[in-house]
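Here is the structure we will look at.
The values are calculated or read from the model by the stated rules, or taken from the named source; none is laboratory data. Only a predicted model underlies this, so the values are computations on that prediction, with no experimental measurement involved. For neighbour counting, all protein chains shown are included, and Cβ atoms are generated from backbone atoms with ideal geometry for every residue, glycine included. Side chains included, ligands, DNA and RNA excluded: accessible areas come from the protein's heavy atoms. Shrake-Rupley method; radii C 1.70, N 1.55, O 1.52, S 1.80 Å.
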Amino acid sequence: MNVQEVILNLQSYWAKQNCFLMQPYDVEKGAGTMNPMTFLRSIGPEPWNVAYVEPSRRPSDGRYGENPNRLYQHHQFQVLMKPSPDNIQDLFLQSLEALGIKPEEHDIRFVEDNWEDATLNAWGLGWEVWLDGMEITQFTYFQQVGGLDAAPVAVELTYGIERICSYIQDKENVFDLEWQGGFTYRDIFYQPELEHSTYTFQVADHDMLKQLFITYEKEAGRALEEGLVFPAYDYILKCSHTFNMLDAGGAISVTERTGYIGRVRKLARKCASIHYATRENLGFPLLKEEKEDAGS
Amino acid sequence: MTRPFLLEVGVEEMPAQYIDDAREELRAKMEKWLSDQRLSYSAIHTYSTPRRLSVLIEDLTEKQSGTVEEARGPAVTIAKDEEGQWTKAALGFARGQGVEADQLVEKETSQGSYVFANIEKKGEATIDLLPEAIALLTTLTFPKSMRWGREQLRYVRPIRWLVALFGDDIVPYEIAGVKSGRESAGHRFLGETVSLPHPRDYEQALMRAFVLVNPEARKDAIRKQLEMLEEEQNWRVPGDEDLLQEVTNLVEYPTVLYGTFAERYLQLPDDVLITTMREHQRYFAVRDTTGHLLPYFVTVRNGDHRYLEQVQKGNEKVLRARLADAVFFYEEDQARSLDQFMEKLEHIVEREQVGSLGDKQRRTVKIARELAVKAGFSEEVIENVTRAAQLLKFDLSSNMVDEFPELQGIMGADYAFRLGEKEAVATAIKEQYLPRFNGDELPGTTVGLLVSMADKWDTIMTSLAIGLTPTGSQDPHGLRRQAQAIVQMANRYDFPVPFETMLSLTVEAVREEGLTSDVSELSREAGEFFALRFKALLGEEGVAHDVVNAVLIPPYGRLDTLFARAAFLQEKHGTDEMKEVAEAFGRVNNIAKKVADEEMNPPEPEAFEQEAERELYSAYVTLKQELPAFLAKKELQKAWETLVRLTPTIHRYFDGTMVMSEDDKLRTNRLRQMQLLSREINRFARFQSLVIPS
């Protein structure tokens, strides 16, 4: 099964579970959780099921395309279901079967792993799912998002596409994975990996990035003043990525680090609470469907 | 009539390290509930797997035993009239309690005579009480708990099923939308849903569904398979009780398997290999019969023997990637010089407000060096201590420790040795972290001991300096544990530097770094912090409260002697010998209190009038020579004997001498004698603090 078949199979499986199939969000981010389809939509009482691929940038993991497992940008397949269904573990295990992984032929474990994102002021409890000792999915019940209690609780599944594919294709090196038609991951991603690593570690203009951070931060604040949640959130994402670039480049001291994280968190909290208020003013429109269901 | 009762809560996988505590808590709460409810039974068993906690009660009575409750009514003076007949008040009380008036009884109480009604309560049917037992499940405490779906309950993980069977009957109950029933889940992949007709055969029924519910049986099964593997392969899989316990709580049906890795990875230090396998993968390392690591690992699968090869292949692949990472980090680290490591330390914050790791090292150098000098160690030791302290934290800037924080010190020792440092220095870098927890091993070398002590003194003092004094259960930097470690090390190694000296030299190092401006305030605070620690530690060692008060008088001096004196006195506590000594010294101390310390002047021996005075004085002179010497050598029995010898002299003295004489000069001289003597005795203990039963 090549990489794009894995993605297609996951998409069609989760589509059958009544998830909205969405596309990657067009602002740089470190994880699928930061896509507004997860971060913002997990807030508040409205039910929400969604699935999408998210190319996720981790500048500090850049290895010039030389490391078999670490990448500047990897791909997550993200599923979010709110409220968390009672049979979510079974749904997840069936999704593995859709990838040709039969649980009884392997050793699949749910090993405690709790998740916290200081910049998003979000945390949850759950597991990393092990397939024969390999972590393939992060499984999290959100408890707080943007400083707000998750009610109802959303559950998030984050599949590591490269990890799963290297298992399925039995490859030691992600660059040897077949994307499709005999073309490898290397054919497509080696050059960007090399260039992004070079840029991050050697070329990036730290003064400019620091300036950008301030600019984005200010603009996020201004948009929030106007109650414009989604535009503000885009700038918060930009702050976060800019911070990651600076951090990877070694341009931030340990004491400064706490300060930067605190600044992003402050914006994320504010954004979350304004988003909640906005949805409330709109009467939590997505609840409607549920009410109609209950009535029929 | 009795029936067994089975309660099982099914959850999504619990964190392995929570399970044992939760099971024990459930047992304790259930036992208490049964006894509070006066419900008899013959045995209680508890079980746990990652997905369930259960309790099985054998021969549980079907009916609560009856009881008689006593209700107090009016005072007899109100309850009876002059003729001794029940008054309206008494009759009203009886009616209210549902008893006949002739069943009322009179009883004396501490507040006078009252009328009582004995009300017999019939036992209720157990099945009606059992919902309370099920509710105990929701009172369990977990280090972290969560909500799920739309439920409000916080629990360790979402609850998915609930079994509550009293004999054949389901005890109806609902927790977080889950109704009780007789269906339990089998193994996630191998077993089917198990419908339990009855609590008996619970273990066997689940066994058939590939779940070993008994954790001890599961652990034994793993242990036996490990032993078989050792035998088959002629391997040693070193006993790792913590890992075994964790793995036991990660599986419902354990099957041991092994895999291999490329021999070239054996070039990594053993600790790196073991940590990679253990911390990231929960694998057991494998050694040959001579103790050398072999390129194999052992893991425990949650499943049976089918498809084992596939599982093995997958695990080998994961480990290969992990080890490739470890080699990468190790080689990166090898390429760096000591200076590069050290330079980076200046940019790593140790704690906010305290400074960088570089600052930490500089303070520790001063403290460790001073400790070595004050303890009278050789030039060579002092030199090694200084060097070890200079390099103390350098490995915290390595890739390896960044990836595996638990390898701190271990990598430091390995790298320092490779970079040409002396073995004593390298070992000390490793030993600085000992003891890591209560009961852990202590540093095995002098240099290790000194840097470990210095490191802990520094952490405590700098934390106090920035106001991080532990309060209640709050002790984020583990200062209490570190103080305890200092005491343990001082005791084990007869550390000769007095407590007050250690304290003041640490305060000085902290002052020089500009972390405190008020030296006397910091010293006072540190003194108080340690006094509380000493008190707690002595208490934990079973030293009685009054003995603690008798020895815990500043200056504390050498810590080893302080703790030895306490243990010695505790042993003597309650003996006739002690009684005699304490009485005699108590008299001395009580009189000595009448003089203020500042009036302290030695008595003039020529002014003594009586033979008893002169005799006591010469006994004092001997005591003054012998007691401190014996204490310094920790020869407590001998020190004690010098005190015992003194008691008849003291008694003779008081028989014939009036200390509070009307002659001013005489009185002053005698008081001074008492004071001097008292001070000497107090080196051992303040005897008047001891509670002596008369």
Regression test value, accessible area per residue of the range A:3-201, probe 1.4 Å, units Å², expected 34
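I'd like the mean, over residues of B:309-316, of how many other protein chain beta carbons sit within 10 Å of each residue's own Cβ.
Whole-number average of other-chain Cβ neighbours for B:309-316 is 4.
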Roughly how many percent of the accessible protein surface of chain A is carbon and sulfur, given a 1.4 Å probe and a whole-percent answer? 49
The range B:49-150: Rg/Rh from Cα coordinates, Kirkwood Rh? 1.29
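Could you order the peptides B:333-341, B:147-155, B:159-167, B:48-56 from most to least packed, using the average number of other C-beta atoms within 10 Å per residue?
The peptides rank, most packed first, as B:48-56, B:159-167, B:147-155, B:333-341.
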Quick one: which of B:397-408, A:77-88, A:28-39 comes out on top by average Cβ neighbours within 10 Å, and what's the full order, highest first? A:28-39, A:77-88, B:397-408
Show the residues, 5+ positions off or on another chain, whose built amide H is closer than 5 Å to the amide H of residue A:63. A:72
Debye intensity ratio in log₁₀ form over the Cα atoms of the range B:114-269, taken at each q of 0.09, 0.19 Å⁻¹: -0.50, -1.30
Could you work out the mean count of beta carbons from other protein chains within 10 Å of each residue's beta carbon in B:277-287? 1
When ligands, DNA and RNA are left out and all protein chains stay put, how many square angstrom of accessible area per residue does the range B:340-540 have with a 1.4 Å probe? 41
Given chain B, what percent of its DSSP beta bridges are antiparallel, to the nearest 5? 95
What trypsin sites (Lys or Arg not before Pro) does the range B:605-652 have in DSSP loop regions with at most 16 other beta carbons within 10 Å? B:633, B:634
Return the value, in Å² to the nearest 100, of accessible area buried between chains A and B (probe 1.4 Å, both sides summed). 3900
Please give the per residue accessible area of the range A:204-282, computed with a probe of 1.4 Å over protein heavy atoms only, in Å². 50
Computed label-point distance, nm, for sites residue B:622 and residue A:211 using a 7 Å Cα→Cβ extension: 9.0
How many angstrom separate the Cα center of the range B:659-677 from the Cα center of the range B:30-84? 68
Determine the sum of side-chain charges near residue A:242: Lys and Arg each +1, Asp and Glu each -1, restricted to other residues whose C-beta is under 10 angstrom from that of residue A:242. -1
Trypsin sites (Lys or Arg not before Pro) within the range B:475-553: DSSP coil, no more than 16 neighbouring Cβ in 10 Å: none
Convert 4 °C to kelvin, take the viscosity as 1.567 mPa s, use the Kirkwood radius over C-alpha pairs of the range A:204-282 as Rh, and evaluate the Stokes-Einstein diffusion coefficient in µm²/s, rounded to a whole number. 100
Please compute, for peptide A:142-148, the average count of beta-carbon atoms on other protein chains lying within 10 Å of each residue's beta-carbon. 1
Candidate cut points under trypsin sites (Lys or Arg not before Pro) in the range B:76-128, DSSP loop plus at most 16 other Cβ atoms within 10 Å of their own Cβ, are B:122
Calculate the spin-label point distance for residue B:68 paired with residue B:521, positioning each point 7 Å from the Cα along the beta-carbon direction, and give it in nanometres. 6.7
Pairs from B:219/B:430; B:594/B:624; B:29/B:63 whose Cα-Cα separation, in the structure shown, is over 24 Å: B:219/B:430
Round to a whole angstrom and tell me the spacing of the C-alpha centers of the range A:1-30 and the range B:425-488. 51
Report in % the part of the accessible area of chain B that belongs to carbon and sulfur, leaving out ligands and nucleic acids; probe 1.4 Å. 48
Mean Kyte-Doolittle of at least 0.0 and a Cα length of 18 Å or more along the axis: which whole DSSP H helices of chain B meet both? B:446-465, B:499-512, B:519-540, B:559-572
Label-to-label distance, nm, for residues given as residue B:31 and residue A:187 (7 Å Cα→Cβ offset): 6.8
Sorted by mean Cβ packing within 10 Å, highest first, what order do the peptides B:452-461, B:28-37, B:425-434 take? B:452-461, B:425-434, B:28-37
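Quote the FRET efficiency, to the nearest 0.05, computed for residue B:223 versus residue B:124 with a Förster distance R0 of 56 Å and r equal to the Cβ-Cβ distance.
0.80
Calculated FRET efficiency, residue B:44 and residue A:284, Cβ-Cβ r, R0 60 Å, to nearest 0.05?
Working: r = 49 Å, r/R0 = 0.81.
The pair residue B:44/residue A:284 has a calculated efficiency of 0.80.
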Taking 0.36 nm per residue of sequence separation and subtracting the Cα-Cα distance, how much length would be gained by fully extending the chain between residue B:667 and residue B:417, in nm to one decimal? 83.1 nm
Bin width 10 Å, alpha-carbon pairs only: give the P(r) of the range B:560-689 as whole percents, running from 0 to the bin holding the largest distance. 12, 45, 32, 10, 1
Calculate the FRET efficiency for residue B:154 and residue B:611 from the Cβ-Cβ distance with a Förster distance of 56 Å, rounded to the nearest 0.05. 0.10
